[in-house]
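The values are calculated or read from the model by the stated rules, or taken from the named source; none is laboratory data. Keep in mind that what you see is a predicted model, and the values were worked out from it rather than measured. Reconstructed Cβ throughout: ideal geometry from the backbone, glycine too, with neighbour counts over all protein chains shown. What goes into the accessible areas is simple: the full protein's heavy atoms, side chains included, and nothing from ligands, DNA or RNA. Shrake-Rupley method; radii C 1.70, N 1.55, O 1.52, S 1.80 Å.
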Amino acid sequence: MAPLGWLLPPVAGAVAEWAVLGLLGAVVACLWRVARSLADTQRACKVLMRGDLLLRWATARDAGWMAEEDKRRWFDDRVLYLRMAGSNGYLDEVSERVAGLPGAPPSSDSEER
């Protein structure tokens, strides 16, 4: 019987190729999971930002006023949200209502009358 030493290099090369392909597949799978996780995080961030904007508006609406600094911050956050999420018709409608809120609480004199 002839020694099988000549078979070792091609088999080792094939095993190395498969190992590299397996490693490449693992890297691609890991990157896919990271990308999916980032997309989920961005979606969650959009939901939280929108909820925060609407909650701040509802609180101000119930109080009947919103401080000018809070209005400015609300509109800044709205711009940030729209950059991330795109247009939102309902939020545009709420923006008009926020802009119409008085910048100071109603005076106690007007409540007594």
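For residue 73, the conditions (1) open to solvent by 60 Å² or more (accessible area, probe 1.4 Å); (2) modelled with pLDDT under 95 all hold with the exception of (2). Taking the condition of being over 30 Å from residue 85 (Cβ atoms) and open to solvent by 100 Å² or more (accessible area, probe 1.4 Å), how many residues in the stretch 25-51 meet it? The total comes to 0. Every test in (1) under 29 Å from the mean Cα position of the chain (by Cα); (2) open to solvent by 70 Å² or more (accessible area, probe 1.4 Å) is passed by residue 10 save one, and that test is (1). Scan the stretch 52-70 for residues that are of a type in the set (Gly, Ala, Ser) and open to solvent by 50 Å² or more (accessible area, probe 1.4 Å) and the total you get is 1. The single condition among (1) closer than 30 Å to residue 91 by Cα; (2) part of a helix (DSSP H, G or I); (3) over 20 Å from the mean Cα position of the chain (by Cα) that residue 66 does not satisfy is (2).
Number of residues in the stretch 87-103 that are in contact with a helix residue (DSSP H, G or I) (Cβ under 8 Å, 6 or more places away or on another chain) and either open to solvent by 60 Å² or more (accessible area, probe 1.4 Å) or in a helix (DSSP H, G or I) (or both): the value is 6.
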